[in-house]
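The structure appears right after this line, and notes come after that.
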């Protein structure tokens with residue numbers, strides 16, 4: 001196939017081969033879509049694969065594209081705001097669908113519906129690749145002469161700038177709208193803009209089915225190398241609110257505990273230890289994002305449950321013994337110790353730590369051991385230290 | 001006589017009361033203290049560590065629980081719950097200061113409140129124990145986390161409720177009620193013997209064993225001599241947990257010599273405070289002996305110093321200092337004095353506990369460096385002190401190993417040491433002087 005000349009050539013080639021095997025390239029090329037695959041873990045976030053159809057459409061050779069950043073397709077009139085939004089999506093590791101003015105190699109601009117989505121490692125939840133599908137947006141019939149057409153394009157630029165062409169207008173974009181001077185002009189001409197770069201349902205469907213096919217192909221070929229990928233993050237740390245460094249520190253604490261985030265709606269679990277999962281029988285993705293009360297069941301005393309909620313609302317530590325249920329619905333007495341944990345600035349409660357203890361296991365403890373209460377306190381201690389430390393270091397890197 | 005005025009650190013709740021009452025303590029008690037009045041029948045957890053011969057010991061049987069993570073931090077959190085600390089240290093803002101070294105700053109406004117400055121004599125490193133002053137036998141038993149001693153049968157043992165055996169004078173680990181980080185404790189060797197703040201072989205080895213038992217490079221022990229910002233003249237080491245590397249631990253070192261028992265002695269380079277690093281050794285005792293011989297030499301020569309026991313007890317920093325002396329002589333700039341930072345072992349190691357918000361907000365590597373540079377001995381004085389140390393420890397080592405025979409090898413080692421370290425001007429150790437000295 002091809003050999004890269006770039007110094008990062010090997011890394012770029014391995015990016016695809018080591019994850020999906022060499023054979024995936026041919027299969028991907030047979031797909032009737034314009035798309036690129038980029039690797040955010042390589043410096044510069046380069047394109048590591050470009051489909052045959054895309055090359056045909058853009059007029060570039062494969063060698064000219066591989067190793068370059070996706071920016072290669074943008075030009076003078078590509079809207080900066082749209083490009084920023086794509087960057088933001090990359091940072092937040094989420095998918096995005098947005099219209100964009102791209103350029104062919106010979107300088108001809110063309111509208112596309114750009115649909116980008118992350119591909120995750122099944123093993124640790126890291127983003128392995130981003131796939132960027134480019135669906136050409138069929139030019140609409142022009143209403144009048146060339147003068148009008150020019151204005152139309154400009155307004156459309158503005159429209160993209162203002163976010164009107166996107167399916168969803170997110171709230172922060174709306175907030176920013178007010179700061180844009182020619183908002184009124186654009187707003188009055190909504191209809192106009194919509195006509196200019198409207199994306200038909202057919203095009204959206206096209207993007208979605210491309211995504212489906214590419215994903216299933218990548219997933220299938222990742223089975224050949226054993227390094228599975230998936231479209232959803234199925235791993236703990238990254239889905240949760242705790243960062244990677246805190247996640248690592250917390251991973252060293254062997255006892256059963258969860259961290260909940262009082263700053264999020266309904267105080268969801270943002271970290272669950274392996275021992276917690278073992279004790280309750282749930283998988284990690286089944287508990288993250290949920291309020292702890294899902295462990296309760298028919299016989300759980302509601303007032304005890306309320307005590308836990310109150311403790312969190314008032315930011316106080318508390319100890320309760322509550323009847324909980326495992327995933328298989330078998331009940332167990334859970335002696336729960338709940339304590340607020342401050343962040344490194346010391347000013348506010350960053351998390352609550354809930355340390356579980358299955359009281360039915362008391363007798364198995366050795367003679368020469370610490371009291372179970374002490375073991376619980378030691379988990380609180382370890383969590384406090386971990387949160388405080390990761391916060392200190394985070395402060396620095398900012 | 002040189003004195004400085006400073007706000008003493010309140011390490012025990014009973015120290016505070018005492019200060020408020022004015023005059024010392026008047027028996028009869030009921031405070032559950034560590035003295036004859038309260039000791040009969042008293043019980044405390046006892047942790048017996050396994051004495052091992054080698055620093056690297058792999059065939060250890062798994063202890064029932066983790067010494068540091070479970071016992072020490074768990075007991076500490078328990079005291080937090082019981083409200084024994086003067087403030088919540090996790091409510092004190094902390095950060096790593098941007099820069100090459102990563103000095104750590106903490107804003108601790110509460111630590112020195114409500115105490116009047118007291119005069120401290122700083123020109124005598126060794127002072128006799130004074131039972132009328134605050135000492136650790138006056139702390140409440142609730143402030144003591146556990147007794148800490150070597151196991152008799154060679155395995156880790158733990159007794160949740162062990163009687164306090166007055167005869168064997170237990171060493172204990174107590175909380176510092178004014179913690180500067182999470183898990184801040186005091187190791188008080190043979191507490192009932194009422195030893196003054198003075199390093200001896202046995203106590204330093206105990207401190208090394210504690211670091212080793214914790215087995216975590218982020219749990220360090222420190223020692224301040226009198227005249228180097230120790231405020232209590234009752235033998236104690238401090239320790240706490242802070243999960244970042246200290247700047248002094250990152251500083252490069254230049255090997256001066258390999259000493260008896262395989263202990264390597266190096267000089268700290270590119271760091272504002274001049275000092276020595278001891279590491280290696282065939283056993284923990286070898287390392288401990290080299291360090292304690294050096295400490296004993298410094299205190300006998302009335303040179304104030306600080307000690308940092310790092311890397312789980314495998315690396316020990318020895319830092320002679322002269323800040324308090326300069327302060328007493330009026331040689332420290334008012335700007336530095338205004339910060340009220342007392343450069344004890346933790347500050348010297350790079351963990352700056354700041355008392356004023358403006359100092360915390362404006363904390364920079366330059367500021368930290370400027371302060372620590374004042375703490376350090378001058379190069380000339382440092383070389384003098386090195387010569388004194390090397391002379392003393394080579395003699396001590398020779399005595400330990402081969403008295404009354406003379407050992408040529410050792411003499412060569414000493415010469416090498418001095419030459420390698422380019423201390424040609426130093427006094428060359430000779431046997432005669434050794435014998436005279438000891």
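Over all residues in B:174-182, what is the mean tally of Cβ atoms on other chains that come within 10 Å of each residue's Cβ?
Details: counts 0, 0, 0, 0, 0, 0, 0, 3, 6.
Partner Cβ neighbours, averaged per residue: 1.
Peptide A:370-376: average number of partner chain Cβ atoms within 10 Å per residue?
For this peptide, the per-residue mean of nearby foreign Cβ atoms is 5.
Restricting things to alpha carbons, tell me how big the stretch A:291-345 is in terms of Rg and Dmax, in Å.
Cα only, the stretch A:291-345: 12.4, 42 Å (Rg, Dmax).
Could you list A:23, B:76 in order of exposure, starting from the residue whose Cβ has the fewest other Cβ atoms within 10 Å? The partial results should precede the final answer.
Numbers: A:23 11, B:76 26.
Listing A:23, B:76 from fewest to most nearby Cβ atoms yields A:23, B:76.
Within 10 Å of each residue's Cβ, count the other Cβ atoms and sort A:321, B:194, A:292, B:33 from fewest upward. Don't skip to the answer; put the middle values down first.
Numbers: A:321 13, B:194 16, A:292 26, B:33 22.
Exposure proxy ranking, most exposed first: A:321, B:194, B:33, A:292.
So what is the relative contact order for the stretch B:175-291, in percent, with contacts set as C-alpha pairs under 8 Å and at least six apart? Display every interim value, and only then the final one.
Values: 177 pairs, mean separation 27.6, N = 117.
That works out to 24 percent.
What nm distance separates the two modelled labels at residue A:45 and residue A:278, each placed 7 Å from Cα along Cα→Cβ?
Taking the simple label geometry, residue A:45 and residue A:278 are separated by 3.9 nm.
With each pseudo-label sitting 7 Å past Cα toward Cβ, what's the residue B:357-residue A:94 distance in nm, one decimal?
3.6
With 10 angstrom as the radius, rank A:19, B:35 by how many other C-beta atoms surround their C-beta, starting from the fewest.
Details: A:19 23, B:35 17.
The fewest-first ordering by Cβ neighbours comes to B:35, A:19.
Read-outs: derived from the displayed coordinates by stated rules, not from any lab. Please read all numbers here as calculations on a predicted model, not as lab measurements. Glycine gets a Cβ as well: all are built from the backbone with ideal geometry, and neighbour counts include every protein chain shown.
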